Each structure stands twice: as structure tokens, then as C-alpha cells.
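The values are calculated or read from the model by the stated rules, or taken from the named source; none is laboratory data. This structure is a prediction, so every number in the text was calculated from the model and none was measured. A quick note on method: Cβ atoms are made from the backbone with ideal geometry, for glycine too, and the neighbour counts reach across all protein chains shown. Ligands, DNA and RNA are excluded from the accessible area calculation, which covers all protein heavy atoms including side chains. Shrake-Rupley method; radii C 1.70, N 1.55, O 1.52, S 1.80 Å.
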Amino acid sequence: MNRESPLGRQVTGSNRYDPGLLFPIERSEGRARLGLGEGSLPFSGTDVWHAYELSWLEADGRPRVAVGRIEVPADSPRMVESKSLKLYLNAFNGSSFDDVDTVRDTIARDLGEVTGGTVSVTLAGLDDPAFNGVAAPGVCIDEAPLAGPLTAPDRELLRVDPGEPVEETLHSHLLRSLCPVTAQPDWATVVISYRGPRLDRGALLAYLVAFREHQDFHEQCVERIFLDLAAVLSPETLAVQALYTRRGGLDISPWRSSSPGRAPQYRLHRQ
């Protein structure tokens, strides 16, 4: 696609449905920087989006509103740029659709065409309990002794105990990364579930805090974390999810796992 991303630019929004607003980003470039070439991926996964500012018109002009969950498979050749997704969804505001199923199917079709994957879309009422915020699972490591240095994320920061393997879930609310285009901060809680040698929690915290000045897209940050942990742990199982806080009415929670399956279906309180 020979056009410029809307990220970092002042753009005029549209009040009419327009799938041309969606801007794809090839996954291959970011994955090449992680040492991933062509061929099968060393993980399964999904990019889970939540949309909180979704509205459209019925035939008589009555507005309808919903919250949405959009799931883009990690093996799709392209991901969708966040600002373009916001502009695309906002363009539904002044457009008429027959019913909620038509809206859902339209979003799934358009995102599938842009990303090259089979996209799942769920639309729900504003009080649907499936979209309630929950506490992060597992043990919080944010008070662990903070080992340094903290200059940049490097798998050499990670440490493991060579003793008996453990199975545990850990989380930290201190993940911050920077947008690769605008350098604006993106905040997240990261959840790590694994079975393997016990991770040194202070070293893991130092590694995660080192992302504070790291510029990359959300999806690629999660893939870096997964690959670095897999290299250090050689785990029996591993899953990493970063639940980023919302921006522009959207949040994203990329999930990468050593086992196929569906991404966890929850959002945190601060999202």
C-alpha cells in the first residue's frame, strides 16, 4: 500500500463508513529484527482489541452503541495500525446499517482483507459482564528487588534457578514502551505463565522495566518478550500477554503462546 500511516499526522476524520481508512503494517519487518525469517512461527497467538467508542445509525437515524472485541490472528501477514483502526471505527458513526450483525460482519470482513487473516469480532451491550474489568492473574512481581542495569531490554538480564521446574503465573503493571512513530508512551500490565526453571523475579522485573525507552509496536514488544523468555527458560509451556491501556477508545492485548488455543477473554480494570 503506497500511502503514509496516519500515526503522528493531523488527519481529518470521516463520518461515513470507509474501509480505505485502515492502514496495514507488515509483520515481517519487525519480526526480521527479532531474528524470525520466513516459515512457521515459534508461537501461536492473537492480537485482542477492545473498542469502546463504537456507534452506528439504524435506518431511521437512531444511534446504536456497543463495545467490541476484535481478534486478529498472529499468523496473519499484516497487523492493523491503531490510529487507522480508530478512524475506521469512528467512520461508522454517521452510517446506517440494517442491524448489529451487519456491523459485526462488516468489521470482520474489512479487517480480514487488510490483515490477511481470519478476524473474529464480538459486539456486545455496554453492560455485558463479559467486558467487566478483572484483576490480573497470578503473583505481582512489582515489589521484587530490582536488579539492573535498566538501559534496554536484553535477554542477558534474565536469570533462572536451575532447580526443580515450577508452574506459575506472574504479572507486572510496570511495562511501558514507546510508539515507534510518535515516541509517545504506551502502558501495560504484562502476564507471563510458564512451566520450566524458576525465573528470578527481580531480574524479570528489571528486564520488563528496561522497555521504558524501547520503541516498538505493542505486538512486537510481546513477541520480543516471548522469544527472550523462551531462549532463557527452554520452557515446557510459555504464554505472554501484555494488556495495554486504552488510547483513542481502543486497547490492545497481544497474546503469544507455545500452545495453540484462544487468547484469554478478559480485560483489566485499568484498561
Under the rule rounded for a/c under 1.5, else prolate if a/b exceeds b/c, else oblate, using alpha carbon gyration tensor axes a ≥ b ≥ c, the range 133-195 is classed as oblate
Sorted by mean Cβ packing within 10 Å, highest first, what order do the peptides 18-25, 186-193 take? 186-193, 18-25
Taking the solvent-accessible surface of protein heavy atoms with a 1.4 Å probe, what is the per residue accessible area of the chain in Å²? 46
Mean residue ellipticity at 222 nm from the helices of the chain, using -39,500 (n - 2.57) per DSSP H segment of n ≥ 4 over the full residue count, to the nearest 500 deg cm²/dmol? -6500 deg cm²/dmol
Once both label points are put 7 Å beyond Cα along the C-beta direction, the Leu57-Glu213 separation in nm becomes 5.0
Given Cα pairs under 8 Å that are at least 6 residues apart, what percent is the relative contact order of the chain? 22
Would you mind computing, in nm to one decimal, how far apart the modelled labels at Glu236 and Arg33 are, each placed 7 Å from Cα along Cα→Cβ? 3.5
Quick one: with all protein chains in place, what share of the accessible area of the chain is carbon or sulfur, to the nearest percent (1.4 Å probe)? 49
Spin-label pair Ser96/Val181, simplified geometry with 7 Å Cα→Cβ offset, distance in nm: 3.4
With percent of Cα pairs over 29 Å apart in mind, check (i) 33; (ii) 46; (iii) 27 and report the label derived from this structure. (i)
State whether the range 19-104 is rounded, prolate or oblate according to the following rule on the C-alpha gyration tensor (a ≥ b ≥ c being the square roots of its eigenvalues): a/c under 1.5 gives rounded; otherwise a/b larger than b/c gives prolate, and the remaining case gives oblate. prolate
Place +1 on the Cβ of every Lys and Arg and -1 on the Cβ of every Asp and Glu in the chain, take the dipole about the Cα centre, and give the residue among Val65, Pro165, Gly94 whose Cα lies farthest towards its positive end. Gly94
Relative contact order of the range 128-246, please, whole-number percent, based on alpha carbon pairs below 8 angstrom and at least 6 residues apart. 33
Base-10 log of normalised Debye intensity for the range 118-265 (one unit scatterer per alpha-carbon) at q = 0.10, 0.12, 0.16 Å⁻¹: -0.35, -0.51, -0.89
Among 68-76, 39-47, 27-35, 251-259, the order from most to least packed when residues are scored by Cβ within 10 Å on average: 251-259, 68-76, 39-47, 27-35
Computed E for Leu146/Asp105 - FRET, C-beta separation, R0 35 angstrom, nearest 0.05: 0.15
